[in-house]
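The values are calculated or read from the model by the stated rules, or taken from the named source; none is laboratory data. These numbers come from a predicted model, not from an experiment. All Cβ positions, glycine included, derive from the backbone under ideal geometry; neighbour counts span all protein chains shown. Quick note on the areas: whole protein, heavy atoms, side chains included, nothing else; ligands and nucleic acids left out. Shrake-Rupley method; radii C 1.70, N 1.55, O 1.52, S 1.80 Å.
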Amino acid sequence: MYMIDYRLKYQASIFLNALDMGATPKNISDMMGDFSDKGFIPNIFQEINNLTPQPQNRFSLQSSNNEWRINIATTRIDVEKNPTDLKGTNLGTEADFCKEATDFFCRIIKRFPRKANRLAFVSRFLLNEMSIDELNNSYKKLFYSPQLYKDNVPFEWNWRTVSHIVKNIGTENPETFNFVTSINRINGEVRDGSTISLIDRIVLSFDINSIPAKNEDRFSFDEIKSFFESVPAWHESLKSDILKFLE
C-alpha cells in the first residue's frame, strides 16, 4: 500500500512587491514586534534577482529549531515549515499549516498593506518503504517507455505533470491555477542522529500555484485567506488521486 511516511516540507508563498521590506533596522524592529509571541529569531539572507544587479540583504524570521522560517525576498514572501524529527511529525496537517501561514501573512500585510499577484502552496513527502517489484511497478504505471527500459527497469526516474485548473477564490473572475505533481524514485541516505540508513523510495511533491502569466496585483488579504482555506482540500484530492493510481 502506498502511504505517506515522511513529511519533508510545507511552503506557502505570496508574490508581491516587497522591495521596501528590506533588512533595515526599522523593518527588523517592527517585524520582531509583530511576531513577538512566536519567539522568532531575525536573520539576514542574500538575494540575487532581476531587479537589482548586486546581491541584496533581505530579512527573514525563523524559530530557534528551524521549524518555521519566513523569508521576505524582493518579489515574494515564503513561509516554510520544516521537520524537527526524522519523519516530520511536527508538520501536522496541510490545513493547520495553511491556517498558521495565513496568520503570518496577515501580520506582514497589516504592517505593509498591499495586494499580491501570485499565490502558491508546495508540499513534499517520502512514501513508505516498498519492495523492488513495487517500485518497478510504479515506474511501469507512470511511463510508456522504449524497449530498453522495459527490459531493464530504471532504478532512478522523474515524472512530472502540470495541468491548468480553474478555481474560484473570491476574486472578480475565476482564477487559473497550475496543479503540479512530481513523482521521483530516489536513492540516498537518511541520517537519524548518528545512524545513517540507505533508502530507495518514492518522493511525492505537489505545487498548486496561480499562473505567472497573469501578474497584476489583485489578491487582497481576503483572497489570500480564501486561497489558503481552499487549497488543502484541492491538495488532498490530488494526493489521494495519485496514491490510488499508484496502487
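What the table below lists for this structure:
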item: The lone exception for Ser36 - which of (1) small (Gly, Ala, Ser); (2) over 14 Å from the mean Cα position of the chain (by Cα); (3) open to solvent by less than 60 Å² (accessible area, probe 1.4 Å) it fails; result: (3)
item: Ser226 being open to solvent by less than 70 Å² (accessible area, probe 1.4 Å), out of contact with any Lys or Arg (no Cβ under 7 Å at 6 or more places or on another chain) and at pLDDT 95 or above; result: yes
item: Candidates Thr89, Thr102, Thr84, Thr75, filtered to the one that is closer than 22 Å to Ile211 by Cβ, open to solvent by 60 Å² or more (accessible area, probe 1.4 Å) and not aromatic (Phe, Trp, Tyr); result: Thr75
item: Every residue from the range 110-155 that is under 23 Å from Lys87 (Cα atoms), in a helix (DSSP H, G or I) and open to solvent by 50 Å² or more (accessible area, probe 1.4 Å); result: Ile132, Glu134
item: Conditions (1) within 22 Å of Leu8 (Cα to Cα); (2) at pLDDT 95 or above; (3) surrounded by fewer than 17 Cβ atoms within 10 Å (Cβ to Cβ); number of the one not met by Leu198; result: (2)
item: Any hit, the range 199-206, residues being among the charged types (D, E, K, R) and over 30 Å from Asn137 (Cβ atoms); result: no
item: Pair list, Cβ under 9 Å, 6 or more apart: the range 125-138 residue more than 13 Å from Glu247 (Cα to Cα), other residue assigned to a loop (DSSP other than H, G, I, E, B) and open to solvent by 70 Å² or more (accessible area, probe 1.4 Å); result: Leu126/Lys87; Ile132/Phe155
item: Yes/no for Asn57 being open to solvent by 40 Å² or more (accessible area, probe 1.4 Å) and at pLDDT below 95; result: yes
item: Any hit, the range 41-49, residues being in a helix (DSSP H, G or I) and touching a Phe, Trp or Tyr at 6+ places or on another chain (Cβ under 9 Å); result: no
item: Search result, residues across the range 156-174 that are farther than 30 Å from Lys81 by Cα and either of a type outside the set (D, E, K, R) or in a helix (DSSP H, G or I) (or both); result: Asn173
item: Checklist (1) in contact (Cβ under 8 Å) with a residue 40 or more places away in the chain; (2) under 19 Å from the mean Cα position of the chain (by Cα); (3) surrounded by 12 or more Cβ atoms within 10 Å (Cβ to Cβ) applied to Val180, failing item; result: (1)
